[in-house]
Amino acid sequence: MSGLTGFVLRRVIGAAVTLFALSVIIYVVFYVTPGNVAQITCGPRCSPEQVHQVAQQLHLDDPLYVRYWHFLQGILAGQDFSTGTGVEHCSAPCLGESYQSDQQVTDIILTRLPVSFSLVLGAMVIWLVLGVGTGVLSAWRRGRFSERVLTAITLAGTATPVFVIGLVLMIVVCGELQLLPFPEYVNFTDDPQQWAWNLLLPWLSLALIEAASFARLTRASMLETLAEDHIRTFRAYGVGERAVIVRHALRGATASVIALNAVTFGSAVGGAVLTETLFGLPGVGQELVHAVKVVDLPVVVGMVLVIGFFVVLANAVADVLYAVADRRVVLA
């Protein structure tokens with residue numbers, strides 16, 4: 001256990017360093033730009049008094065390292081905002097305040113995150129079942145007609161945009177066949193059955209695209225494993241083909257699937273913009289697009305930080321799961 005504990009500790013430290021570097025890059029990209037940073041941050045509709053107030057809050061007269069320290073301090077310990085008539089405290093992690101809606105960015109994100117999580121978690125179950133299952137079947141039936149059909153379907157899924165699949169599903173399932181109502185997000189706590197019923201089409205739209213990548217990766221990894229010497233040894237000793245596929249070849253593809261799933265999940269939390277927009281889901285991706293349109297810089301910065309956090313976290317978790325599945329990683 002000491003080796004595994006040290007491995008996990010190294011991954012935690014690496015994730016923390018990565019997040020720190022990410023915060024520096026995001027701060028430089030968004031807040032150290034030519035022009036009037038206060039005006040850009042506040043947005044085009046702000047009055048001169050509001051712009052001056054934003055300049056004070058961002059400490060634009062201070063050196064760059066002091067400005068970044070205030071930015072980091074807000075995330076780690078919170079900060080106070082002047083409202084003109086008083087002072088409003090923003091608890092950690094404080095990502096700033098929207099100058100378009102006067103809401104704290106953290107509150108906006110926490111309102112949108114459950115929607116994005118609902119979309120991604122349900123889609124993840126489907127893309128893993130479909131993707132891994134298709135990849136295993138394709139590798140098992142290599143060289144046969146069924147394998148060619150599955151490969152063609154996988155390539156078509158990879159090349160088809162998510163909005164095309166979503167539109168086709170809505171037209172056919174909701175319009176022509178009328179099997180499902182047009183999706184409308186319902187909170188899980190209000191009605192779990194309607195929550196799942198209304199998210200079924202968004203799940204399928206997002207999952208069918210991602211499943212194609214998992215199918216291709218699973219097939220390639222399994223074919224590589226099936227060509228190794230120990231697999232030929234198992235077959236020579238009379239081990240059944242099904243046992244070879246499930247117990248040995250599929251296990252060899254597990255590490256690649258875990259890594260890809262971590263990256264896909266982390267990026268999909270904030271990256272499923274097209275799916276959320278198409279089905280009218282008020283998630284993180286849709287809010288990020290809206291913030292960019294109205295030039296609400298604090299919301300944009302906060303959203304990018306949160307999305308980056310989930311990507312880094314997902315990769316760290318994938319490394320740990322990979323190490324648990326294969327202890328040779330710990331010793332490497």
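The values are calculated or read from the model by the stated rules, or taken from the named source; none is laboratory data. All values derive from a computational prediction rather than experimental measurement. No Cβ is skipped: glycine too gets one built from the backbone with ideal geometry, and neighbour counts run over all protein chains shown. The area values use the complete protein model at the heavy-atom level, side chains included, leaving out ligands, DNA and RNA. Shrake-Rupley method; radii C 1.70, N 1.55, O 1.52, S 1.80 Å.
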Is it the case that some residue within the range 84-107 is touching a residue at least 60 places away in the same chain (Cβ under 8 Å), farther than 30 Å from VAL29 by Cα and surrounded by 13 or more Cβ atoms within 10 Å (Cβ to Cβ)? no
Between GLU276, GLU210, which is open to solvent by less than 10 Å² (accessible area, probe 1.4 Å), within 22 Å of THR160 (Cβ to Cβ) and not aromatic (Phe, Trp, Tyr)? GLU276
Test for GLY143: is it without any contact (Cβ under 8 Å) to a residue 12 or more places away in the chain and in contact with a Phe, Trp or Tyr (Cβ under 9 Å, 6 or more places away or on another chain): no
Check off (1) open to solvent by less than 50 Å² (accessible area, probe 1.4 Å); (2) at pLDDT 85 or above; (3) within 29 Å of GLU97 (Cβ to Cβ) for LEU313 and give me the number that stays unchecked. (1)
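Take the residues in the range 175-190 that are open to solvent by less than 60 Å² (accessible area, probe 1.4 Å) and of a type outside the set (Ser, Thr, Tyr), then tell me which one is farthest from the chain's Cα centre (by Cα). Working first, answer last.
Kept after step one, since they are open to solvent by less than 60 Å² (accessible area, probe 1.4 Å), are these residues of the range 175-190: 175, 180, 183, 185-186.
Adding the requirement that they be of a type outside the set (Ser, Thr, Tyr) leaves 175, 180, 183, 186.
Numbers: GLY175: 30, LEU180: 27, PRO183: 22, VAL186: 21 Å.
The selected residue is GLY175.
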Would the range 52-68 turn up any residue that is in contact with a His (Cβ under 7 Å, 6 or more places away or on another chain), in a helix (DSSP H, G or I), surrounded by 14 or more Cβ atoms within 10 Å (Cβ to Cβ) and not hydroxyl-bearing (Ser, Thr, Tyr)? yes
Out of the range 283-310, which residues are more than 16 Å from GLN104 (Cβ to Cβ) and touching a Ser or Thr at 6+ places or on another chain (Cβ under 6 Å)? GLY283, GLN286
What do you reckon, is VAL162 assigned by the TED database to the domain that holds ALA243, within 28 Å of ARG242 (Cβ to Cβ) and in contact (Cβ under 8 Å) with a residue 12 or more places away in the chain? no
Going by the conditions given, is LEU113 closer than 29 Å to ASN261 by Cα, assigned by the TED database to the domain that holds ALA207 and touching a residue at least 40 places away in the same chain (Cβ under 8 Å)? yes
So, of the residues in the range 316-326 that are open to solvent by less than 50 Å² (accessible area, probe 1.4 Å) and closer than 21 Å to ALA21 by Cβ, which turns out to be modelled with the highest pLDDT? ALA316
If I filter the range 56-63 for residues that are modelled with pLDDT under 80, touching a strand residue (DSSP E or B) at 6+ places or on another chain (Cβ under 8 Å) and not assigned by the TED database to the domain that holds ALA212, do I get at least one hit? yes
Restrict the check to the range 151-174 and report whether at least one residue is farther than 21 Å from PHE214 by Cα, open to solvent by less than 80 Å² (accessible area, probe 1.4 Å) and either acidic (Asp, Glu) or not in a helix (DSSP H, G or I) (or both). no
